[in-house]
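Shown next, in C-alpha cells, is the structure this report addresses.
The values are calculated or read from the model by the stated rules, or taken from the named source; none is laboratory data. On a predicted model such as this, the values are computed, not experimentally measured, just so you know. Note: ideal-geometry Cβ built from the backbone for every residue, glycine included; neighbour counts use all protein chains shown.
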Protein chains: 2
Amino acid sequence: MCLSDNLTINSIKQLVLDNHSPSSSHTKKMLKFSNDLIYELWRTIDSEDTTRFPVSDIVLGGSVAKGTWLRSSGDIDIFIKLESDSTRKDLDDSLEIGKITLNSLKYSWKLRYSEHPYIESDIKFNGKSLKINIVSCFDVDPRDCKSAADRSPHHTNYILNNFNSKMKNEVRILKQFLISSKIYGAEIKTQGFSGYFCELLILKYKTFQNVLKQISDFTVGDSIYFDDSHSKFTKLHENSPIIMLDPVDPKRNLGSAVSLQNLHKFIHVSSKFLDNPSTNSFTKIKFKLNNSLSDNLLMIYFTHDEKTIDTLWGQLRRSFNHTSKYINKNDFNIIRSTISSNDKNESAFIFLLDDLSIPDNRLHSGPLSNMKKESIAFIKKNKKESLTFWIDSNGQIKSLQPRKYPKIKDLLNNSINSKNVLGIAPGINTSFQNTSKISTGKSVISFSKNKSWLKESLGDVIGTESKLY
Amino acid sequence: MCLSDNLTINSIKQLVLDNHSPSSSHTKKMLKFSNDLIYELWRTIDSEDTTRFPVSDIVLGGSVAKGTWLRSSGDIDIFIKLESDSTRKDLDDSLEIGKITLNSLKYSWKLRYSEHPYIESDIKFNGKSLKINIVSCFDVDPRDCKSAADRSPHHTNYILNNFNSKMKNEVRILKQFLISSKIYGAEIKTQGFSGYFCELLILKYKTFQNVLKQISDFTVGDSIYFDDSHSKFTKLHENSPIIMLDPVDPKRNLGSAVSLQNLHKFIHVSSKFLDNPSTNSFTKIKFKLNNSLSDNLLMIYFTHDEKTIDTLWGQLRRSFNHTSKYINKNDFNIIRSTISSNDKNESAFIFLLDDLSIPDNRLHSGPLSNMKKESIAFIKKNKKESLTFWIDSNGQIKSLQPRKYPKIKDLLNNSINSKNVLGIAPGINTSFQNTSKISTGKSVISFSKNKSWLKESLGDVIGTESKLY
C-alpha cells in the first residue's frame, strides 16, 4: 500500500507540474526580458549625472530569479541596490531610474507604497499580463538592514546557493498546494506562508511529501532553523504559532506573519492529503453555498480610496476586529465571519449571526441586595428604564430593560452615524461613514451576485467546503 | 426627623396591631376552647384501658399557647406527650385518642403525615374556619429527641418563660411584616422564617425596629445565639445563609430552612422600611402584571394526588430544579421562574424565557484541528448532521448543526413523552406525564384567569412589585 500511495503521490505531483510549471521556452523568454530590462535601467543611470544615483548593483529577485515561479503568477522583481552609505533621500531619488526607463519603453507605471515607495508596472507579455516591480534597497549585510527590502537579494542568493533543480519543482508543488487552500502569501491580507517560506521548507525537508509529513505532526509553537547555533533565537518569538528563523538573519521569524488559523489549516490539509492523496488538493476550492444559512447573514459593504493591499488590509483587519467586538458586546452572536475586498475601492465585512434579532428585553444583573449602598444606587440608576426588578435565588438584584436595538440592522445603522463607535481605522473611517450599506439575510446573496470577490467570500461564511473536511 | 420617623413607626405598629391582633374576648374564647379540648382528650384516655396510652401530659403549643398569634392565622396545636420510654408503635396507637375525641365531638378529621402521622381537623369557630392539629410526641429532653415534634413543647415553654406581654405584640408585628413580604413560614414551600424564629428575634433584639436594624446590617453567614457557650456550634452550619441556634437545643440551626433569596428579601425590606416606614409593608403584595413580557411566558401545568404540603413541595422543588436545568441545557435562557400550586391537586411551573424560540442551528465546537485523532473522530461523528465545518481563528474545528427543537414548546412536548428526561420526582412523575399541558405566551395569562393561585404566581414572574423596590 505504501508503494502504491507513493506512486499515486508522485503521479499527482507530475500532473501538478504539467499544469502549473512554466515551459522552458517561457522561462527563457522571461529571463531574457528581465535581463534586457536590467540593461535598460543601467543605460538610464549612465545617461544621467553619474553622482546622482549611488547604485552598486541591479539584480533580479523573487521567484523568477530563484526558478520557483508558477506559470500563472511569475512577477518580475528587480532590485536596485544603493551603496551602503546612501540615504533615504537617495532611495527616493532612485525611483527616477525606473520611471525614466519605463517611460522610454512606453510602459505605463504606478508609484506604490509599502515600507517605502517603489515602481509597479503591469504590461502585456507573451499574450498575458505580467507585473514588474522595481524596488530600491540598500546594499548592506542582512543584519544591518536600513529598509525592509534590503534582505530580499540575500534571500535570493541563499536559495540559489543551496538549491538543486529538483528542489525548485518541489517548491512549485508546495506553493500550488498552499494556493489551493488559500493560505499562500505572507501579506496582511492572507496571513499565510510566503514563497521564501516554502523554499526554506523544501530546503529543510527536501520533498513535498516530507514537508507535509513534518507539518502534519507539527506542534503549535515549534521552530524550524538551519543552524543549531540559531536555536537560542527561538525564544524571541514565543507567541508565534510557527517559528521559522531566517537563515540570512536568524533573529528574524519568517513565521510571524502566519495566523494560528492558517497554521491549523496547513496542518489539517497536510494530514488530509497524506491520508488520501488527490489532485483535488491542487485545484481551487469550490464552495457550495448553504442557502438555509443565508437568513442570518449580515454584510457591511463600503467603498474607499485605492491604496496598497497591505495598507488596505491592515486597516480592514483592525476595523473588522473592532466591529466584531462591538457586535458581540451588544449581545449578538457571531458564528462565522470574514473580510472581503476587491483590493481596490470596495470592501465588505460579512457575518453569519446566530440570529439577526435578539430578545426585546435585556437582563441587567445588579449587586447582591444586602449591599445596601450599591443596591440603592443600582435601583436608582435603572429605575426609569426597567420593566421590573426582583431579587433572584442568589440574592442578587435583577432588572429587565427593553433593548434599544434588538435588530442588528438598526443597531449598526445607528452606530455608523454616531461618532466612530465601531472603531473603524482612521484611513477608511470617513469613506466607511459615508458609503456604508448594511444588508441582511438573502439580500446579501443577491447583492453579491455580480461581484465575484464578494461571492467568493460568502463561501467562507456560509459555504460547505468539501475539500478540507 | 428621627423623632418624627420614630413616631411614625410607632403609629404604624399600632395600626398593624389594631388590624391583626386578636381581641381579648377572642383570645379568651380560644384558650377556653383549647382547654376544653384537652379536657376531652384526657377523658378519652381515662375511658380506655389505662395501659393502652402511656401519656405523660397533654399541652397546648404553638402561637396560641405563646400568645403570639394573629387574628387571621391562629391554629390550635395540641401535643400529646408520651412517656420517654414509649415506642413508635405507642406513638401510632396514640392517634386513636384524637380520633375518638373528635368523633365524639362530631368534628371531621384527616390523618396527615409529616415526619410521623398526626390528626388535623378544620372546624367552624366563632364564625370562622379554625384548624386543630393533634400531634403526639415523646416527653424527652430536647437534646434526646426521638421524633420531630418532641422539641415543640420545649419551644413553647422557653418562650413563655422568657417573654413579657410587650414582646408578644412585637412578634405579631414582625410576623405580619414577613407575611406581607411572602417570607413567613419555614415549610419547604416557603423556605422563610418560622413563628419561633420571629419570637427568638424579638427575644434577642426586644423590638420590631431593633430586629429590622439588625437584619438590615446582617452579613450572610452571620449567627445568632442566646448563650456565649453556644458559639462553638455555629461552625456546624457553615453553608447556611443565616444561623439561629435553637436555645433549647443549641446544636440545631433554625435558619437551615431559610433560602438565600428569602434572607436577602428580609434584609432588603428591612432597609427599605427603616428608610421609608409605611403601612404598605404590612399589606399583601399586589402585582401589576407586565403584559409586554407575557409573550415569552412558558407554563407547564399538571394535576396530581393530594398530599401534605411539605411532601408536595419537596417533590415540586426537585422536579422544578431538574426541569429548569434541562431547559438551560437545551440553550433556552430562563430569566425568572416560579413554582405555583393550589396545594391540593394542581400545580404549575412558570418560566419567563429570553425567547420562546432559539436559532435554528447550533454551533458545535470540536477539537483543535492539529489534534489529528480527535479531529477525525469529531468530523466523522458529526458529518451526517452538520451543515458545514470550518477551522476558526484559534484553529478549532467548528460545525453548525440544525436543532431538533428550536421551539421550547416542541422540546418540552417531546420530553414529557420520553422516559423521564426532565427528572420529575417519582411521587408526581406519572401524573405529570399523563396530565401535563404546556402553554406559552399570552395563553398562559388566559389559562390563569380563573385560578387565583396561578394568577398570583404570575406576579412573581412578570410582575412589577412596587413595594419591594
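Some values worked out for this structure:
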quantity	calculated
Residue within the stretch B:141-149 that is among the polar types (S, T, N, Q) and in a helix (DSSP H, G or I) present	no
Criterion: in contact with a Gly (Cβ under 9 Å, 6 or more places away or on another chain) and over 21 Å from A:Ser292 (Cβ atoms) - qualifying residue of A:Lys398, A:Lys451, A:Lys404, A:Lys419	A:Lys398
Test: residue in the stretch A:168-179 that is surrounded by fewer than 23 Cβ atoms within 10 Å (Cβ to Cβ) and farther than 24 Å from A:Lys286 by Cα	yes
Residue selected from the stretch B:226-256 under the condition closer than 22 Å to B:Ile267 by Cβ and free of Cβ contacts under 8 Å to residues at least 12 places away in the same chain, by the criterion nearest to the chain's Cα centre (by Cα)	B:Asn239
Cβ-Cβ under 7 Å pairs, at least 6 apart or on other chains, the stretch A:88-114 side closer than 17 Å to A:Pro54 by Cβ and in the same structural domain as A:Arg52 (by TED's automatic domain parsing), far side of a type in the set (Gly, Ala, Ser) and buried (at least 17 other Cβ atoms within 10 Å of the Cβ)	A:Leu91/A:Ser136; A:Leu91/A:Ser147; A:Ser94/A:Ser136; A:Leu95/A:Ser136
In the stretch B:65-105, residue nearest to B:Ile159 (Cα to Cα) [restricted to those that are buried (at least 21 other Cβ atoms within 10 Å of the Cβ) and touching an Asp or Glu at 6+ places or on another chain (Cβ under 7 Å)]	B:Lys66
In the stretch B:276-309, residue surrounded by the fewest Cβ atoms within 10 Å (Cβ to Cβ) [restricted to those that are at pLDDT 90 or above and in a helix (DSSP H, G or I)]	B:Thr279
Subset of the stretch A:338-376 [assigned by TED's automatic domain parsing to the domain that holds A:Met299 and farther than 22 Å from A:Tyr405 by Cβ]	A:Thr338, A:Ile339, A:Ser340, A:Ser341, A:Asn342, A:Asp343, A:Lys344, A:Asn345, A:Glu346, A:Ser347
Check on B:Ser271, in a helix (DSSP H, G or I) and touching a Lys or Arg at 6+ places or on another chain (Cβ under 7 Å)	yes
Any hit, the stretch A:187-200, residues being among the aromatic types (Phe, Trp, Tyr), without any contact (Cβ under 8 Å) to a residue 40 or more places away in the chain and not assigned by TED's automatic domain parsing to the domain that holds A:Gly67	no
Members of the stretch A:368-382 found to be touching a His at 6+ places or on another chain (Cβ under 9 Å) and over 18 Å from B:Ser270 (Cβ atoms), listed by number	A:Asn382
Selection count, the stretch A:204-226, where residues are surrounded by 18 or more Cβ atoms within 10 Å (Cβ to Cβ), part of a helix (DSSP H, G or I) and away from every other protein chain (no Cβ under 14 Å)	4
Residue, farthest from A:Pro153 (Cα to Cα), within the stretch A:180-196, restricted to residues that are at pLDDT 95 or above and assigned to a helix (DSSP H, G or I)	A:Gly195
Flag for A:Cys137 being in contact (Cβ under 8 Å) with a residue 12 or more places away in the chain, crowded, with 18+ Cβ neighbours inside 10 Å, in contact with a Lys or Arg (Cβ under 7 Å, 6 or more places away or on another chain) and assigned by TED's automatic domain parsing to the domain that holds A:Thr27	yes
Output for the stretch B:227-267, where each listed residue is within 14 Å of another protein chain (Cβ to nearest Cβ) and not in a helix (DSSP H, G or I)	B:Asn239, B:Ser240, B:Pro241, B:Ile242, B:Val258, B:Ser259
Residue in the stretch A:34-64 that is surrounded by the fewest Cβ atoms within 10 Å (Cβ to Cβ), counting only those that are in contact with a helix residue (DSSP H, G or I) (Cβ under 6 Å, 6 or more places away or on another chain) and of a type in the set (S, T, N, Q)	A:Thr44
Evaluation of B:Ala425 against (1) touching a Gly at 6+ places or on another chain (Cβ under 8 Å); (2) within 14 Å of chain A (Cβ to nearest Cβ); (3) not acidic (Asp, Glu) (one fails), failing number	(2)
The stretch A:357-416, subset farther than 25 Å from B:Ser259 by Cβ and of a type in the set (Val, Ile, Thr), residue farthest from the other protein chains (Cβ to nearest Cβ)	A:Ile416
Selected residue [under 30 Å from A:Ser240 (Cβ atoms) and either surrounded by 17 or more Cβ atoms within 10 Å (Cβ to Cβ) or free of Cβ contacts under 8 Å to residues at least 24 places away in the same chain (or both)] from B:Phe378, B:Phe432	B:Phe378
Filter result (surrounded by 21 or more Cβ atoms within 10 Å (Cβ to Cβ) and hydroxyl-bearing (Ser, Thr, Tyr)) within the stretch A:260-275	A:Ser270
In the stretch B:96-124, the residues that are over 27 Å from the mean Cα position of the chain (by Cα) and within 17 Å of B:Phe79 (Cα to Cα)	B:Glu96, B:Ile97, B:Gly98, B:Lys99, B:Ile100, B:Thr101, B:Leu102
Residue check, A:Lys442 loosely packed, with under 14 Cβ neighbours inside 10 Å, touching a residue at least 60 places away in the same chain (Cβ under 8 Å) and in contact with a Phe, Trp or Tyr (Cβ under 7 Å, 6 or more places away or on another chain)	no
Selection within the stretch B:45-70 - out of contact with any Lys or Arg (no Cβ under 9 Å at 6 or more places or on another chain), assigned to a helix (DSSP H, G or I) and closer than 19 Å to B:Ile119 by Cα	B:Gly62, B:Val64, B:Ala65
Residue check, B:Arg172 modelled with pLDDT of 95 or more and either in the same structural domain as B:Asp77 (by TED's automatic domain parsing) or not hydroxyl-bearing (Ser, Thr, Tyr) (or both)	yes
Filter result (surrounded by fewer than 18 Cβ atoms within 10 Å (Cβ to Cβ) and within 49 Å of the chain's Cα centre (by Cα)) within the stretch A:384-411	A:Lys384, A:Glu385, A:Leu387, A:Asn394, A:Gln401, A:Pro402, A:Arg403, A:Lys404, A:Tyr405, A:Lys407, A:Lys409, A:Asp410
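Okay, residues lined up against (1) touching a helix residue (DSSP H, G or I) at 6+ places or on another chain (Cβ under 8 Å); (2) not acidic (Asp, Glu):
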| residue | (1), (2) |
| --- | --- |
| B:Asp150 | yes, no |
| B:Lys175 | yes, yes |
| B:Ser180 | yes, yes |
| B:Ile188 | yes, yes |
| B:Cys198 | yes, yes |
| B:Leu201 | yes, yes |
| B:Asp228 | no, no |
| B:Pro241 | yes, yes |
| B:Asn253 | yes, yes |
